[in-house]
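The values are calculated or read from the model by the stated rules, or taken from the named source; none is laboratory data. Everything quoted here is computed from the prediction, not taken from an experiment. Here the Cβ positions follow ideal geometry from the backbone for every residue, glycine too, while neighbour counts run over all protein chains shown.
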Amino acid sequence: MTAIDETHDAVPGALVAPGGPGGLAAPGTASPPEDTVAEAAQTLKKAAEALRALQDPAGFWKGELETNVTMDAEDLLLRQFLGIRTDAQTRSSAKWIRANQREDGTWANFYGGPGDLSTTIEAYVALKLAGDSPDDDHMRRALAFVRNEGGLERARVFTKMWMALFGKWSWDELPVLPPELVFLPPRVPLNIYDFGCWARQTVVALTVVSAYRPCKDLGVDIEELRTGHPGPPRHPWWSVTGALERADLLARRYGRRPWRLVREAALREAERWIIERQEADGGWGGIQPPWVYSLMALHLRGYALTHPVMQAGIAGLEGFTIEDDKGRRLEACQSPVWDTALAIVGLSDAGVDRDDPALRRAARWLITQEVTVDGDWRVRRPSLAPGGWAFEFWNDHYPDVDDTAEVVLSLLRTNEDDGGAVERAVDWVLGMQCSDGGWAAFDVDNTRTLCRKLPFFDFGELIDPPSADVTAHVVEMLGVLRRRRARCEDRFATAMDRGVAWLLRAQERDGSWFGRWGANYIYGTGAVVPALVEAGVPASHPSIRRAVAWLETHQGDDGGWGEDLRSYDDPSWAGRGTSTASQTAWALLALLAADEGDGEAARRGVEFLSRTQLPNGTWDEPEFTGTGFPGAFYINYHLYRLVFPVAALGRFVDRDGAHG
């Protein structure tokens, strides 16, 4: 019995026949007007040419990964802490920070979002470092917002910690992270492997920093950011969060007089752990937070700026820096592997031949990026052989399932010999399936929620449970492999059926799927529907029909789709927001997979893309449609506005599937 049979009756609405009661739409049948198809083909041609032109001579694609100004403010604060901040860097970073301030004086965590207190505080401090006067209009407006929101006292813990590094907040008023955590074995709650890999690397470095409680000279006064208001109240003592808050008080007392031998041993172990995970580009995990805190931790452990580890780390940050007429800004991460895989798939959908030099050059580059060494995933899968790909240029310790599935899908679109990389990757992905049948990004069964309740962490996701979008990409990969091979190995079929069952269980009551790594329900639905169909779920299946109905209901008046990132916090924003090219493409990918390419919704979506395309072949998309941490940290992938419309338009123009 397949997963489809097993879960059919368990899916809400599964007993309602397609097209019958309950509003389930039947697959579309009427063909779109010929002028729509012709215009779509012309739009596709221009977009594909624009995408081709962005390929690096080495073979990869890499779009800018834009986040918020905390990256730039903290870059200046790090350089102040290490004593390496220059006037030129400061002026250029300040230019970018000022350019992103809004009329109300605030800075937000994403384009068009609400003003954020902590982000505004960090931007304000960075501008004071740059010499901006509190009497300047833009500074007065920022300060008014900060004080109205409760001041530094109501900021996030991480913002207060940055201020504590310079004596502007008391370490005694911060929760502690004792370095002794590194000694806890994986089976014990709150060990470092309970945290998702991005948080794990940050936590280990922060245990060192918080143990030393440094106090450097900031060079400016920021007392005006204080209001004297009390901070957030403690939770009730009988709650888990409240109990951990009170346990933190005991940990603070221990931190003032730790067992010296144990503390020093823990610091040495944390130092060793950090050094072992430095990547070839000098960074940690290919992302800003552990990179910055690891540099500070090692500096506090006595590593001089001339030490090779420190030199490599500082130099590597320069590779994450973009400087142009807009100013200097730091990418929180870089996405060449992800971008390249998506570009191959998109161009293939656009009809580019499997032997095209651009695709083969990209495939050869991807093959060189295969991860063949062990990483932290071995903690829960000690006998699993390495394989797969990471997101970045260098992140061998943390390959991820999502990138690996997408790279496999892209390599299958070319005739390049992968040297066994695909087989190794598929074996690794199968070994990373979680116990409930889903897949997470970096780890297996990383689902203990206790660490979320620690008082130190009030910002961002800390664990890595299975998600619909990652699981969908793996299911799609397995479905394609099954279709392209003469036979499907039992282990493929079993894993895929479990993944399909997980996805059917994870569908929201309204017919959508939650998007962990993209915004949000449109992204999740746009990933899951094509995967289910590729895995053999018929387009007439009730779950598919409910998803189609949800997409049709949430189509904008302009024919596009858009979803504001506030949907992660407020359900009323689900599927609602300014229409964007990338989100419209995600919706179209789902509709096309569900045999709705000839329907009215798909026609209007395609016409939206054709109508809004810029003369250079791409689309204007200032909105952030990528997700780092739901509810906290968001991303504008500058290539999303191009790769996904190319894929969607390609599939629309070639609806008979000749290029699949």
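Checking N616 against (1) in contact (Cβ under 8 Å) with a residue 40 or more places away in the chain; (2) in contact with a helix residue (DSSP H, G or I) (Cβ under 8 Å, 6 or more places away or on another chain); (3) surrounded by fewer than 17 Cβ atoms within 10 Å (Cβ to Cβ); (4) farther than 22 Å from V352 by Cα, only one condition comes out false. Which one?
Failing condition for N616: (4).
Select from region 86-130 the residues that are assigned to a helix (DSSP H, G or I), of a type in the set (G, A, S) and in contact (Cβ under 8 Å) with a residue 60 or more places away in the chain and list them in ascending order.
S92, S93, A94, A99, S118, listed by residue number.
A quick yes/no check of all residues on (1) without any contact (Cβ under 8 Å) to a residue 40 or more places away in the chain; (2) closer than 28 Å to D403 by Cβ; (3) among the acidic types (D, E):
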| residue | (1), (2), (3) |
| --- | --- |
| V500 | no, yes, no |
| L504 | no, yes, no |
| G518 | no, yes, no |
| A527 | no, yes, no |
| A531 | no, yes, no |
| G536 | no, yes, no |
| I544 | no, yes, no |
| T553 | yes, no, no |
| G559 | no, no, no |
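What about G650, is it farther than 15 Å from A343 by Cα and either crowded, with 20+ Cβ neighbours inside 10 Å or small (G, A, S) (or both)? Even if it seems obvious, please write down each step before you answer.
Working: farther than 15 Å from A343 by Cα: no; either crowded, with 20+ Cβ neighbours inside 10 Å or small (G, A, S) (or both): yes.
In short, no.
Could you grab me the full set of residues in region 417-472 that are touching a helix residue (DSSP H, G or I) at 6+ places or on another chain (Cβ under 6 Å), under 22 Å from D490 (Cα atoms) and of a type in the set (F, W, Y)?
Selection gives W439 alone.
Take region 268-295 and flag every residue that is surrounded by fewer than 21 Cβ atoms within 10 Å (Cβ to Cβ), assigned to a helix (DSSP H, G or I) and among the aliphatic types (A, V, I, L, M).
Scanning region 268-295 gives a single hit, I275.
What pairs come up if the first residue lies in region 209-227 and is not assigned by TED's automatic domain parsing to the domain that holds L143, the second is of a type in the set (K, R) and assigned to a loop (DSSP other than H, G, I, E, B), and their beta carbons are under 7 Å apart, counting only those six or more places apart or on different chains?
Taking only residues 6 or more apart or on different chains, not a single pair turns up.
Could you tell me how many of the residues in region 545-557 are in contact with a helix residue (DSSP H, G or I) (Cβ under 6 Å, 6 or more places away or on another chain) and either part of a loop (DSSP other than H, G, I, E, B) or surrounded by fewer than 23 Cβ atoms within 10 Å (Cβ to Cβ) (or both)?
Within region 545-557, residues that are in contact with a helix residue (DSSP H, G or I) (Cβ under 6 Å, 6 or more places away or on another chain) and either part of a loop (DSSP other than H, G, I, E, B) or surrounded by fewer than 23 Cβ atoms within 10 Å (Cβ to Cβ) (or both) number 2.
Considering each of L591, L614 in turn, give the residue that is of a type in the set (A, V, I, L, M) and not in a helix (DSSP H, G or I).
L614
With respect to G319, determine if the residue is in contact with a strand residue (DSSP E or B) (Cβ under 8 Å, 6 or more places away or on another chain) and either buried (at least 24 other Cβ atoms within 10 Å of the Cβ) or closer than 17 Å to I84 by Cβ (or both).
no
Quick one: in region 528-541, of everything that is assigned to a helix (DSSP H, G or I), of a type in the set (A, V, I, L, M, F, W, C) and touching a Leu at 6+ places or on another chain (Cβ under 8 Å), which residue is surrounded by the most Cβ atoms within 10 Å (Cβ to Cβ)?
V528
Among (1) of a type outside the set (D, E); (2) in contact (Cβ under 8 Å) with a residue 40 or more places away in the chain; (3) surrounded by fewer than 19 Cβ atoms within 10 Å (Cβ to Cβ), there is one condition S133 misses while meeting the rest; what is its number?
All conditions are met except number (2).
Restricting to region 485-518, give me the number of residues that are among the charged types (D, E, K, R) and in a loop (DSSP other than H, G, I, E, B).
Within region 485-518, the subset among the charged types (D, E, K, R) is 485, 487, 489-491, 497-498, 505, 508-510, 516.
The next check asks that each one be in a loop (DSSP other than H, G, I, E, B); those that pass are 485, 487, 489, 508-510, 516.
Going through region 485-518 one residue at a time, the tally reaches 7.
Do you know which of the residues in region 486-526 that are among the β-branched types (V, I, T) and out of contact with any Ser or Thr (no Cβ under 7 Å at 6 or more places or on another chain) is nearest to G560 (Cα to Cα)?
Ranking the candidates gives I522 first.
Residues in region 328-355 that are buried (at least 17 other Cβ atoms within 10 Å of the Cβ) and more than 24 Å from the chain's Cα centre (by Cα): how many? Even if it seems obvious, please write down each step before you answer.
Residues of region 328-355 that are buried (at least 17 other Cβ atoms within 10 Å of the Cβ), as a first pass: 328-350, 352.
So of that shortlist, the ones also more than 24 Å from the chain's Cα centre (by Cα) come out as 348-350, 352.
Counting residues in region 328-355 that are buried (at least 17 other Cβ atoms within 10 Å of the Cβ) and more than 24 Å from the chain's Cα centre (by Cα) gives 4.
Within region 86-135, which residues are under 17 Å from A155 (Cβ atoms) and among the charged types (D, E, K, R)?
Scanning region 86-135 gives D116, E122, K128.
Every residue in region 429-467 that is hydroxyl-bearing (S, T, Y) and either under 21 Å from V203 (Cβ atoms) or buried (at least 16 other Cβ atoms within 10 Å of the Cβ) (or both), please.
Passing the criteria: T447, T449, S467.
Only one of these is among the charged types (D, E, K, R), without any contact (Cβ under 8 Å) to a residue 60 or more places away in the chain and either under 29 Å from N636 (Cβ atoms) or not assigned by TED's automatic domain parsing to the domain that holds D56 (or both): E406, E370. Name it.
Step by step, each of E406, E370 is checked, and only E370 is among the charged types (D, E, K, R), without any contact (Cβ under 8 Å) to a residue 60 or more places away in the chain and either under 29 Å from N636 (Cβ atoms) or not assigned by TED's automatic domain parsing to the domain that holds D56 (or both).
Taking the condition more than 16 Å from L454 (Cα to Cα), of a type outside the set (V, I, T) and assigned to a helix (DSSP H, G or I), does A211 pass?
Considered against the rule, which asks whether it is more than 16 Å from L454 (Cα to Cα), of a type outside the set (V, I, T) and assigned to a helix (DSSP H, G or I), A211 comes out as yes.
For region 170-207, give me the residue count where each residue is assigned to a loop (DSSP other than H, G, I, E, B) and of a type in the set (A, V, I, L, M).
6
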